[in-house]
Amino acid sequence: MRLRSRIWSWVTTTDHKRIGILYGVSAFAFFLVGGLEALIMRLQLASSDNSVVSAETFNELFTMHGTTMVFLAVMPLSAAFFNFVVPLQIGARDVAFPRLNAFSYWVFLLGGLFMNVSFLVGAAPNTGWFGYANLTSSQFSPGLHVDFWAIGLQVLGIASIAAGINFIVTIVNLRAPGMRLMRMPVFTWMTLVTQFIVVTAFPVITAALVFLMFDRTFGTNFYVVAAGGDVLLWQHLFWLFGHPEVYILILPAMGIVSEVIPTFSRKPLFGYAVVVYSGLLIAILGWGVWAHHMFQVGLGPIADSVFAATTMLIAIPTGVKIFNWIATMWGGKLNFTTAMLFSVGFIAMFIIGGLSGVMHSSPPADLQQTDTYFVVAHFHYVLVGGSVLGLFSGIYYWWPKVFGRLLSESIGKWHFWLTMIGANLTFFPMHFVGLLGMPRRVYTYDVALGLDTLNLVVTIGAFAMALGTLVFVGNVCWTWRKGEAATANPWDAAMLEWAIPSPPPVYNFSVIPTVKSRLPLWSEDGYEPKPLPEDPPGPIHLPDGSYWPPVTAVGIIVAATGLLTGSLWVALAGIGMLVVGIYAWALEPFEV
Amino acid sequence: MTHAEATHRTSTGLDSRKIGMWTFIGSECLLFGSLISTYLVYHGKSVAGPTTREILNIPLTSISTFVLLMSSLAMVLALAAVTRGDTLWTRVWLATTAALGSVFLGFQVYEFTAFVHEGLTLQVNLFGSTFFVLTGTHGAHVAVGVLWLLSLLVRSFQGKLGPEKALNVELAGLYWHFVDVVWIVIFTVVYLLQ
Amino acid sequence: MSEQPQHHEQAHPGVGTYLTVAGVLTVITLVEVGAFYVPAFQGWLAPVLLTLSATKFVLVVGFFMHLKTDHHLFRVIFAAPLLIAVAVAVALLFLFGVVAL
Ligand SMILES: [Cu+2]
C-alpha cells in the first residue's frame with residue numbers, strides 16, 4: 001500500500017484493534033511528555049534554593065504533569081487495552097459502535113494536543129490538576145491558562161463519556177454465546193465497572209467546569225464569594241468526580257493483574273466472584289468518600305466522621321482483591337516473566353500506597369499530612385506503583401497478541417527492576433520529606449529545612465525510572481526488528497483472546513466461539529477446549545472505514561478553539577462542522 | 001440510521017442503540033443532578049438583585065409545563081403510529097411534538113427576556129447564575145430534541161421511516177421524555193418550592 | 001434479534017393507556033399549581049409537591065419510556081445513576097446546611 005493510503009486507512013479506521021493501537025501510541029507519547037515535566041520538576045527540587053525553572057513555570061509543570069498523567073496517559077493507556085482486548089475476550093468482532101469508538105479516540109487525541117498547545121503560546125494551565133476555585137477566577141488567573149485547562153477537560157470528557165457508553169453496551173450486548181456475566185474475564189468485568197464510573201462521574205465535573213467557564217466568560221457568580229458564592233462548591237463537585245476518577249485509574253490495572261497472575265501461576269483466579277463483587281462495591285462506595293480530600297476545610301465533626309468511616313470501609317473491598325491475588329499465587333506453578341514481575345510489583349507497591357491511604361482517612365492524621373509530600377508519596381504509590389506497573393504488565397502480556405512478537409524478556413527484566421527500584425527511590429523518601437514538613441506545589445525550599453539529601457535521592461530515583469522507560473523504548477525497537485514471533489497462545493493463557501492467531505485477523509474469530517466455562521482455553525473437569533477453525537467457513541462482512549468520526553472530532557476542537565479565543569465565527573464554524581459530521585455519520589451506509 | 005443492525009444477534013436480544021441511549025440518559029441524570037443540586041445549595045444565598053418570589057411567573061410556566069407534558073403524549077402517539085406503519089399519523093404526531101417543543105422554547109425565550117428586563121441577569125446574583133445555567137441547559141436539550149424530531153420528520157417524508165425504523169423514533173422518544181422528566185423536577189424544585 | 005418484535009408488542013402499552021397517563025399527569029400538575037396558591041398548604045408544600053412531582057416522574061418513565069414493561073436491564077441502567085444523583089444531591093444539601101437533621 002502507498003504511504004498516503006496507509007495513513008488514510010488509519011485515520012478512517014473503525015477496527016477496535018487499530019483504535020486500540022492508536023490509543024496506546026498516543027497515550028505513551030503523552031506519558032513521555034508528562035514524565036519529562038516530572039523530571040524538570042525533580043531537577044529544580046534536587047537541591048534547595050535551586051533556579052532551574054521559575055516559580056511560574058513550576059506551577060505550569062505540576063499542573064500539566066498531573067493533568068497529563070491522569071487524563072492523557074493512564075486513562076487512554078487503559079483505553080488501549082479496553083479497545084484491543086475486551087472485544088476479543090468476549091468473543092466479538094468489534095465494539096457495539098465502531099464509529100463512535102473512532103470518534104472517542106480522535107476527540108481524545110485532539111483534546112490532548114489542544115491542552116498541550118498552551119505551552120507553545122506561553123499559557124499552560126497553572127492552577128493544579130484540581131483547579132481550586134477561586135484561584136481559577138479571572139481575577140486571580142488572568143490569561144488563557146485556566147481556559148486551556150477547563151475547555152480541554154470538557155473536550156476530553158466528551159471522549160470519555162462516548163467511550164464509556166460504547167464499552168458498556170459492548171460488554172452487555174456483544175458477548176459470545178455462553179459468555180454469561182459471571183463467566184466474563186475479570187479484565188472485562190473491571191472495564192465494565194470502570195466505564196460505569198466514567199459515565200456517572202464525568203458529568204459532575206462537566207457541570208463544575210461549565211460553572212467555571214461561565215464565571216470566567218460571562219461574569220456569573222458560582223465561585224464568587226463576594227456574591228454569596230462558596231468556593232467549596234467547586235471542591236465538592238471536583239472531588240465528587242475526582243475520587244471515582246481514582247478508581248477509573250486503578251480498576252483497569254487491577255483487571256490486568258487479575259489476568260496475568262492466574263496465567264503465570266497456572267491456577268484459576270482465587271475467589272473470582274469476590275473479586276468481581278468487590279469491584280462493583282468499589283464503584284458504589286467510591287461515590288461516598290469524596291470529602292476525605294476536604295478534611296482541612298473544616299466540614300464539621302459529623303461530616304468528618306462519616307467520610308472517615310466510608311473511606312476506611314472502602315479499603316475492605318480493595319484489600320480483599322490483594323488477598324485474592326496472593327491466594328492465587330499460593331501453591332501455584334509460578335513463572336516470573338516480565339509481565340508477572342510487573343503484576344507482583346503492582347501488589348507490593350499497591351499495599352504500601354493503600355496503607356498510607358488508610359492513614360489519611362483519619363481526619364486528625366490527614367490534617368498533618370495534607371498538602372505535604374506525604375500525600376504525593378501516597379498517590380504515586382497507587383498511581384505509579386499501581387496503575388503504571390499494572391499497565392506495563394499488560395503491555396508485556398498482550399504485546400505478542402497485538403503485534404505477533406514477544407517483547408524481549410531479558411531487556412524486560414532490566415525495564416522492570418529499573419522502574420521498581422526507581423519508583424521506590426523516588427516515592428518512598430517522599431513520605432519522610434512530607435512528614436518533615438515540605439509542602440507540595442512549592443517550587444523551592446530552604447536549605448535550613450535540611451531536606452537536600454532526601455530530595456536528591458528522590459531526583460535520582462526519578463531519573464532511574466526515566467532510564468527504565470528508555471529501556472522499554474529500546475525493547476520495543478529491538479523486538480520490532482528481532483523479536484521472537486509469537487504463537488497464538490504463547491503464555492498458555494485461558495481467555496478467548498488467545499484462541500485466535502497473533503496478531504488477530506481483521507475479523508478476530510473465524511467462527512464466533514461458544515463459551516462453556518470461565519477458563520475457555522484451559523481443560524478442566526473433563527472439558528477439553530476445541531480449537532477454532534483456521535479459516536472462516538464463509539465470507540465475513542466487515543464495516544468499511546469512515547472519515548466522519550474524525551471530521552466530527554475536528555468540529556469539536558474547532559468549536560473549542562473558538563470558545564478559547566472568544567471568536568464567535570470560529571466557534572460557529574466548529575459547530576457547523578460538528579452538525580454536518582453528525583448528519584453525514586447518521587446517514588452514510590455503514591453495516592456493522 | 002440507515003443500517004439494519006437488527007439482523008445481528010446480541011447477548012440480551014436487545015438493540016445496542018437502545019441500551020446506549022439508556023446509558024446516555026443515566027449519564028445525563030448526573031449532569032442535571034449536579035445542576036439542580038447547585039441551584040438548591042445556592043437557594044436564598046443571593047446577596048443582591050431580585051429573588052425567586054419577585055421574579056418567577058407561575059401561571060406562565062404552568063402553561064409551558066403543560067405544553068411540554070402534552071408533547072410527551074404526542075411523542076408516544078408518534079411511536080405508536082410508526083410501529084403500526086401509519087405514515088400519516090407518524091408525521092402528524094412527530095410534527096406536533098416538535099411544534100409543542102418549539103412552543104415551550106418560545107415560552108422560555110419570552111421568560112428569559114422578561115427576567116432580564118426585570119433585572120435578573122446571569123451576573124446580578126447567585127439566583128440569576130444558577131437559574132439561567134440550569135434552565136438554559138435544559139432548554140438546549142429541548143432544542144436538540146426539536147432538531148432530532150424534525151430530522152425524523154424529513155426522513156418520513158423521504159419515505160425512509162417505515163415500521164422497520166420504529167426504533168429510530170423510540171430512541172428520539174426516550175431522549176424527549178427524559179428531557180420532559182427533568183423539567184418535571186425543575187418545575188417543582190425551582191418554581192413551586194420557592 | 002428474532003425475539004425482538006414479539007418483545008416489542010408487550011413492551012408498549014396502547015393508545016388508551018397513553019391518554020390515561022397524560023390525563024393523570026395533567027390533573028397532578030393542576031393540583032401542584034393549585035396547592036402552590038392555597039395559603040393553608042404552605043407548611044406542607046415541600047413534601048406534597050415532592051411526592052406529586054415524583055409521581056409524575058415515575059408515570060412518564062414507567063409508561064411513556066416503557067420502563068414498567070420493558071427489559072429489566074433498562075431499569076438497572078437507569079436506576080443506578082439516578083439513585084447516585086439523588087444521593088449526591090441529598091448529601092450536598094446536608095453538607096451545605098440547606099437541610100439539617
Ligand atoms: Cu479520594
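The values are calculated or read from the model by the stated rules, or taken from the named source; none is laboratory data. Every value quoted in this text rests on a predicted model; they were computed, and no experiment measured them. Don't worry about glycine lacking a Cβ; one is built from the backbone with ideal geometry, like all the others, and counts go over all protein chains shown. Just so you know, the surface numbers come from the protein's heavy atoms only, side chains and all, with ligands and any DNA or RNA stripped out. Shrake-Rupley method; radii C 1.70, N 1.55, O 1.52, S 1.80 Å.
Listed peptides A:13-25, C:51-63, A:91-103 appear in the order A:91-103, A:13-25, C:51-63 once ranked by packing, highest mean of other Cβ atoms within 10 Å at the front.
What order do you get for A:128-138, B:15-25 when each peptide is scored by the mean count of other beta carbon atoms within 10 Å, highest first?
Numbers: A:128-138: 19.1, B:15-25: 22.6.
With the highest mean Cβ count within 10 Å placed first, the list reads B:15-25, A:128-138.
Under a Gaussian network description of chain B, with springs only between Cα atoms under 10 Å, the residue in B:Gly162, B:Gly173, B:Gly145 that fluctuates furthest is B:Gly162. Charged neighbours of A:Thr565, selected by a Cβ distance under 15 Å, balance to 0 (K, R count +1; D, E count -1). The alpha-carbon atoms of region B:3-192, seen along their principal axes, cover 60, 35, 22 angstrom, with the largest extent given first. Using r as the Cβ-Cβ distance of A:Val579 and B:Glu118, and R0 as 30 Å, what FRET efficiency do you calculate, to the nearest 0.05? FRET efficiency, A:Val579 to B:Glu118: 0.30.
Protection proxy ranking of A:384-397, A:149-162, A:563-576, by the mean of other Cβ atoms within 10 Å over each peptide's residues and highest first, is A:384-397, A:149-162, A:563-576.
Shielding of peptide B:181-191 by partners, expressed as the average count of other chain Cβ atoms within 10 Å per residue Cβ, is 5. In region A:544-592, Rg over Rh equals 1.10, where Rg is the alpha-carbon radius of gyration and Rh the Kirkwood radius from pairwise Cα distances.
So what is the orientation-averaged projected area of region A:17-543, using the convex hull of its C-alpha atoms, in nm²?
With the hull built on Cα positions only, its mean projection is 24.4 nm².
Here the relative contact order of chain A, from alpha carbon pairs under 8 Å that lie six or more residues apart, stands at 18 percent. Selection among A:Thr191, A:Ile21, A:Val320 by position relative to the dipole of chain A gives A:Ile21 as farthest towards the positive end (Cβ unit charges, Cα centre).
Paramagnetic label reach from A:Leu542 (point 7 Å along Cα→Cβ; backbone nitrogen cut-off under 16 Å): within region A:397-431, residues A:402-404.
Give, in nm to one decimal, the length gained when the segment between A:Trp417 and A:Met359 is fully stretched (0.36 nm per residue of separation minus the Cα-Cα distance). Intermediate results must be reported in sequence, preceding the final value.
On the way: separation 58, 0.36 × 58 = 20.88 nm, distance 2.79 nm.
Extra length available between A:Trp417 and A:Met359 comes to 18.1 nm.
Leaving ligands and nucleic acids aside, the C/B contact buries around 4100 square angstrom of accessible area in total at a 1.4 Å probe radius. Over chain A, dividing the summed -39,500 (n - 2.57) contributions of all DSSP H runs of at least 4 residues by the number of residues returns a 222 nm mean residue ellipticity of -22500 deg cm²/dmol.
How much of the accessible area of the protein assembly as shown, in percent, comes from carbon and sulfur atoms when a 1.4 Å probe is used? Working shown, then result.
On the way: 23740 of 33390 Å².
Its accessible area is 71 percent carbon and sulfur atoms.
Per-residue accessible area (protein heavy atoms, 1.4 Å probe) orders B:Cys29, A:Cys477 as A:Cys477, B:Cys29, starting from the largest.
Are any of the pairs A:Lys530/B:Lys18; A:Lys333/A:Lys530; A:Lys17/B:Lys165 more than 29 Å apart by Cα-Cα distance, and if so, which? Can you show the working numbers first?
Working: A:Lys530/B:Lys18 35 Å; A:Lys333/A:Lys530 24 Å; A:Lys17/B:Lys165 31 Å.
Cα-Cα > 29 Å for A:Lys530/B:Lys18; A:Lys17/B:Lys165; rest within.
Within the full protein context, the accessible area of A:Arg42 is estimated at about 20 Å² for a probe radius of 1.4 Å.
If you add up the charges near B:Val103, with Lys and Arg at +1 and Asp and Glu at -1, over every other residue whose beta carbon is less than 15 angstrom from its beta carbon, what do you get?
Values: positive: none; negative: B:Glu111, B:Asp180.
Within the 15 Å Cβ shell, the charges total -2.
Once you have the Cα-Cα distance between A:Ile460 and A:Ala309, take 0.36 nm times their residue separation minus that, and quote the gain in nm to one decimal.
Numbers: separation 151, 0.36 × 151 = 54.36 nm, distance 3.79 nm.
Here the answer is 50.6 nm.
Less than 14 Å from a label point 7 Å out along the Cα-to-Cβ axis of A:Arg441: which backbone N atoms in region A:38-73 qualify, by residue? Within reach of a label on A:Arg441, which here means backbone N under 14 Å from a point 7 Å along Cα→Cβ, region A:38-73 contributes A:56, A:58-67.
A full extension of the chain between A:Ala586 and A:Leu334 corresponds to an added length of 85.6 nm, given 0.36 nm per residue minus the alpha carbon distance.
Under DSSP H, which helices of chain A have Cα atoms covering 24 Å or more of the helix axis and a Kyte-Doolittle average no less than -1.0? Each step should come with its number before you reach the end.
Numbers: long enough: A:16-45 (42 Å, 1.12); A:98-120 (34 Å, 1.07); A:145-173 (42 Å, 1.50); A:186-218 (46 Å, 1.62); A:231-265 (51 Å, 1.19); A:301-329 (43 Å, 1.18); A:338-359 (32 Å, 1.97); A:409-435 (39 Å, 0.64); A:452-482 (44 Å, 1.01); A:548-565 (25 Å, 1.53); A:568-587 (28 Å, 2.08).
Membrane-span-like by this criterion, though nothing is claimed about a membrane: A:16-45, A:98-120, A:145-173, A:186-218, A:231-265, A:301-329, A:338-359, A:409-435, A:452-482, A:548-565, A:568-587.
For region A:229-341, the spread of Cα coordinates along the three principal axes comes to 59, 23, 20 Å, biggest extent given first.
With the simple model of a label 7 Å out from the Cα in the direction of the Cβ, A:Phe323 to C:Leu73 spans 3.4 nm. Distances between placed amide hydrogens fall under 5 Å for A:Arg405 paired with A:Ala486, all partners being 5 or more residues away or on another chain. The mean number of Cβ atoms from other chains found within 10 Å of a Cβ in peptide A:230-241 is 3, as a whole number. For region A:398-521, the calculated P(r) over all alpha carbon pairs, in 5 Å bins from 0 to the bin holding the longest distance, is 2, 10, 14, 13, 11, 9, 9, 9, 8, 7, 5, 3, 1, 0 percent. In the context of the full protein assembly, A:Val515 retains an accessible surface of approximately 10 Å², using a probe radius of 1.4 Å and ignoring ligands and nucleic acids.
Debye-formula intensities of region A:310-444, expressed as log10 I(q)/I(0) at q = 0.14, 0.15, 0.21, 0.22 Å⁻¹, are -0.72, -0.80, -1.21, -1.27 (one equal scatterer per alpha-carbon, no solvent). Each label point was placed 7 Å from the Cα along the Cα-to-Cβ direction; for A:Cys477 and A:Phe432 their separation is 3.7 nm. Helix screen, chain C: DSSP H segments with Cα axial length of 24 Å or more and mean Kyte-Doolittle hydropathy at least 1.0 are C:15-37, C:72-95. In angstrom, the C-alpha Rg and Dmax of region A:158-305 are 19.2, 64.
Over chain C, calculate the relative contact order: mean separation of alpha carbon pairs under 8 Å at least 6 apart, over the residue count, as a percent. Present the calculation step by step, with values, prior to reporting the outcome.
Numbers: 32 pairs, mean separation 29.7, N = 101.
The normalised contact order for chain C reaches 29 percent.
The mean number of Cβ atoms from other chains found within 10 Å of a Cβ in peptide A:578-588 is 2, as a whole number. Ligands, DNA and RNA excluded, the heavy atoms of B:Glu111 present near 10 Å² of accessible surface to a 1.4 Å solvent probe.
Between A:Ala29 and B:Leu147, the distance separating the two model label sites (each 7 Å from Cα on the Cα→Cβ line) works out to 3.0 nm. If you plug the beta carbon distance of B:Thr87 and B:Ile63 into 1/(1 + (r/R0)^6) with R0 = 35 Å, you get a FRET efficiency near 0.65.
For region C:15-95, what is the Kirkwood estimate of the hydrodynamic radius, computed as the reciprocal of the mean inverse distance between distinct Cα atoms, to one decimal in Å? This gives a value of 14.6 Å. Shown here is the pair-distance distribution of the protein assembly as shown: with all Cα-Cα distances grouped in 20 Å bins from zero up to the longest one, the shares run 14, 47, 33, 6, 0 percent.
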